[in-house]
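Okay, so here's the structure we're looking at.
Throughout, read-outs are computed from the coordinates displayed, never taken from laboratory work. As the structure is a computational prediction, the values presented were derived from the model and not from experiment. Cβ placement follows ideal geometry from the backbone for every residue including glycine, while neighbour counts extend to all protein chains displayed.
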Amino acid sequence: MKFTASCAELSGLKTDSLILPTGSELSNSAKVVNELTHNSIDSAIESGEFKGKSGQVLVLNLPQSPLQRIILLGTDGLSNQRQVKKAVAAACQALNKTQSKTALWVSGLMTDNLEAEASIVAQSVNASLYNYKKHNAKKSPNLEALTFWTTEQSAIQSANSGLEYGAAVGVGMNTAKQLGNLPANICTPSYLAEQAISLGKAKLSKASINTEILDRADMQSLKMDSLLSVAEGSEEPPKLIVINYQGAKPDEKPVVLVGKAVTFDSGGISLKPGRGMDEMKYDMCGGASVLGVMNALVTLELPINVVGIIPATENMPNGRATKPGDVVTSMSGQTIEILNTDAEGRLILCDSLTYAAKFNPDTVIDIATLTGAVISALGKVASGVLSNDQQLANDLIESGTQSADPVWQLPLWEEYDELLKSNFADMANIGGPQAGTITAGCFLARYAKDYKWAHLDVAGTAWVSGANKGATGRPVPLLMEYLRQKSEATSD
Ligand code: BES
Ligand code: MN
Ligand code: ZN
């Protein structure tokens, strides 16, 4: 998909579809288009077909006019980034239905921030072109090129940088979506490791990337017995994937992203009920989002150092599987009584968090489909964020708002931590029926004491169920926004 910014005379531009954001009061650009098309927009408003309300989409086919087709996008009442993103997504859906090869986006959604509008358009277009079946096929979808149009010559440069950034984020989301959607018999820990290895072979001009895979023996030597206890009941060998992206000076401390990748979570001996169990193929979406971010970083070559750590394993029951009541010693030396083998995410994350310290991190963020409880708390709108550093939590909340990939904070108070008490080990791996997302966070916090750390619980946001079942690519936009802001802050 090719994106370009232009400020050439509208009447001279050729396109299969022109997308025009406007309210019921026509914007200046809308007036120009209206004139070029024999008052087609005025007519649509007069007839009541187009009301200009936020997110409304109306396709006008104009075979007689030099502009083949106009897709009107309502802007009245748009008041936040989430609504903007929804409106853009609706326009993309309509655009794809028209089978257009070329499109022209008339800027006008976010008049005060053209770069952000260009970025959200490119991201949404690329994300809308994702198709599970076609993803690996050679034939590309219909849309091939989009021109982002603005009246401001002076804004072309920032529009182009917005397009470049958004396009990379969209492709990174699609990487995460595809890995999430692949069935667990294909997307195994070894498969994820192979994807990471091929990403690690990218040849970059301003940055470098390297992948290292730790296998069971390596993890045994590191004493990662908590992580290994989850893999015990599975025939698939576990992998600890480590991707090192260096876009800044080698001595600059990295951001470490730790992504849970349970390629199938049956619950283990604490077996889950059968209903909807297929969706536990998505229990690797945290890890997939880290691969999506790495993919986008490789495209953009952002000046920042980022290490991705992805503990990948299945959680299965067999004769060797970990049993409720078993006690394991984590890499940190802390012992854990495993009261429920279905609380396995924290068991693989805790050893990964201990391992993360080796990189002398500036910040560590883990991303995990960790608890069903976060869906009760926040539904499918916001991811949960818990952090031992309020500034980091604020930064993530702000990045979530900016990227329309929102997160909401939950507390990590000691009253919750006390619920992890065990009579037989330093802690239990569950905290009882209440505040499940918070007790999971408190468990992880015990392994993240040496650095600034945040935990993102994406169990509600990484995929959708029902008729449109599929991975969402979240929280790639949030993480990329956070990294972009951070790279800008440190390279100044
Ligand atoms: N992967 C699940 C969390 C999950 C459940 C995500 C449903 C999305 C939908 C996780 O490993 C899990 O099973 N968590 C348990 C924890 C409990 C045993 C303390 C849960 O949330 O029920
Ligand atoms: Mn589980
Ligand atoms: Zn799980």
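State the percent of C-alpha pairs, over all pairs in segment 30-94, separated by a distance greater than 14 angstrom.
Summing the P(r) tail past 14 Å for segment 30-94 gives 58 percent.
I want the antiparallel fraction of DSSP beta bridges within segment 194-351, as a percent rounded to 5.
Roughly 70 percent of the beta bridges in segment 194-351 run antiparallel, per DSSP.
Can you check how the C-alpha radius of gyration of segment 71-112 compares to 2.2 N^0.38 Å, as a plain ratio?
Expressed relative to 2.2 N^0.38 Å, the Cα Rg reads 1.20.
Take ARG474, ARG446, ARG484 and order them by how many other Cβ atoms sit within 10 Å, fewest up front.
The fewest-first ordering by Cβ neighbours comes to ARG446, ARG484, ARG474.
Determine the shape class of segment 343-487: with a ≥ b ≥ c the square roots of the Cα gyration tensor eigenvalues, call it rounded for a/c under 1.5, and otherwise prolate if a/b is greater than b/c, oblate otherwise.
Oblate shape, in that a/c is at least 1.5 and b/c is the bigger or equal ratio.
With a cut-off of 8 Å between alpha carbons and a minimum separation of six or more residues, what is the relative contact order of segment 2-152 in percent?
Relative contact order comes out at 32 percent.
Which of the aspartates and glutamates could a cross-linker bridge to LYS51, judged by Cα under 15 Å and excluding same-chain residues fewer than eight apart?
Candidates past the 8-residue exclusion: GLU25, ASP42, ASP76.
What percentages make up the Cα-Cα pair-distance distribution of segment 181-284 when the bins are 10 Å wide from 0?
13, 38, 31, 14, 3
Using modelled backbone amide H atoms (1.01 Å from N, in-plane), which distant-in-sequence or interchain residues come within less than 5 Å of LEU18's amide H?
ARG69, ILE70, ILE71, LEU104
Calculated from DSSP H runs of 4 or more alone, at -39500 (n - 2.57) each and per residue, what is the 222 nm mean residue ellipticity of the chain, nearest 500?
Theoretical 222 nm ellipticity from helices: -11000 deg cm²/dmol.
Could you tell me which of rounded, prolate or oblate describes segment 174-491, using a ≥ b ≥ c as the square roots of the eigenvalues of the alpha-carbon gyration tensor, with rounded for a/c under 1.5 and, failing that, prolate when a/b is larger than b/c and oblate otherwise?
rounded
Give me a comma-separated list of calculated 3J(HN,Hα) values for segment 83-91, in order, Karplus coefficients 6.51, -1.76, 1.60 applied at θ = phi - 60°, integers in Hz, x for any Gly or Pro.
With coefficients 6.51, -1.76 and 1.60, one gets 5, 4, 4, 5, 5, 4, 4, 5, 5 Hz.
Can you pick out the pairs among LYS281/LYS452; LYS281/LYS469; LYS177/LYS249; LYS239/LYS421; LYS97/LYS134 whose Cα atoms lie more than 24 Å from each other?
Over 24 Å apart, Cα to Cα: LYS281/LYS452; LYS177/LYS249; LYS239/LYS421.
Using θ = phi - 60° and the Karplus form 6.51 cos²θ - 1.76 cosθ + 1.60, what ³J(HN,Hα) does each residue of segment 369-375 get, whole Hz, x for Gly and Pro?
7, 8, 9, x, 4, 5, 6
Given N residues in segment 116-231, what is Rg(Cα) / (2.2 N^0.38 Å)?
1.44
From the Cα gyration tensor of segment 349-434, with a ≥ b ≥ c the square roots of its eigenvalues, which class applies: rounded if a/c is under 1.5, or else prolate if a/b is larger than b/c, or else oblate?
Here segment 349-434 falls in the oblate category.
Can you sort VAL298, VAL59, VAL385 by how many other beta carbons sit within 10 Å, fewest first?
Listed from fewest to most nearby Cβ atoms, that is VAL59, VAL298, VAL385.
Quote the charge dipole size of segment 174-491 about the Cα centre in Debye, to the nearest 20; the model charges only the Cβ of Lys and Arg (+1) and of Asp and Glu (-1).
620 debye
Give the long-range amide H neighbours of VAL258: residues separated by 5 or more places, or on another chain, with amide H under 5 Å away, using H modelled in the peptide plane at 1.01 Å from N.
Amide H neighbours of VAL258: ILE309, ILE365, ASP366, ILE367.
Provide the percentage of antiparallel DSSP beta bridges, counting only those with both residues in the chain; round to the nearest 5.
So the antiparallel bridges in the chain amount to around 40 percent.
For each of LEU73, LEU412, count neighbouring Cβ atoms within 10 Å of the residue's Cβ, then give the residues from fewest to most.
Starting with the residue having the fewest Cβ neighbours, the order is LEU412, LEU73.
For ASN210, put the label point 7 Å out on the Cα→Cβ axis and report which residues of segment 235-266 keep their amide N under 18 Å from it.
Of the residues in segment 235-266, 240-257 have backbone N under 18 Å from the label point off ASN210.
What list of ³J(HN,Hα) values in whole Hz, one per residue of segment 440-453 in order, does the Karplus curve 6.51 cos²θ - 1.76 cosθ + 1.60 (θ = phi - 60°) give from phi, with Gly and Pro shown as x?
4, x, 5, 4, 5, 4, 5, 10, 10, 6, 8, 7, 6, 9
Checking the cross-link filter: which aspartates and glutamates have an alpha carbon closer than 17 Å to that of LYS272, excluding same-chain neighbours under 8 positions apart?
ASP283, GLU314, ASP342, GLU344
Can you give me the long-range amide H partners of SER383? Hydrogens built in the peptide plane at 1.01 Å from N, cutoff under 5 Å, separation of 5 or more residues or another chain.
Counting only residues 5 or more places away or on other chains, the set is VAL407, TRP408.
Computed FRET efficiency, Cβ-Cβ of GLU49 and GLU414, R0 60 Å: what is it to the nearest 0.05?
With R0 = 60 Å, the Cβ-Cβ based efficiency is 0.50.
How far is it, in nm, from the label point at GLN157 to the one at LYS223 when both lie 7 Å from their Cα along the line to the Cβ?
5.5 nm
So for segment 269-408, what percent of the C-alpha to C-alpha distances run longer than 24 Å?
Roughly 40 percent, once rounded to a whole number.
What would the Debye equation give as log₁₀ I(q)/I(0) for segment 2-152 at q = 0.14, 0.17, 0.20 Å⁻¹, counting only Cα atoms as equal point scatterers?
Normalising to I(0) and taking log10 leaves -0.63, -0.94, -1.31.
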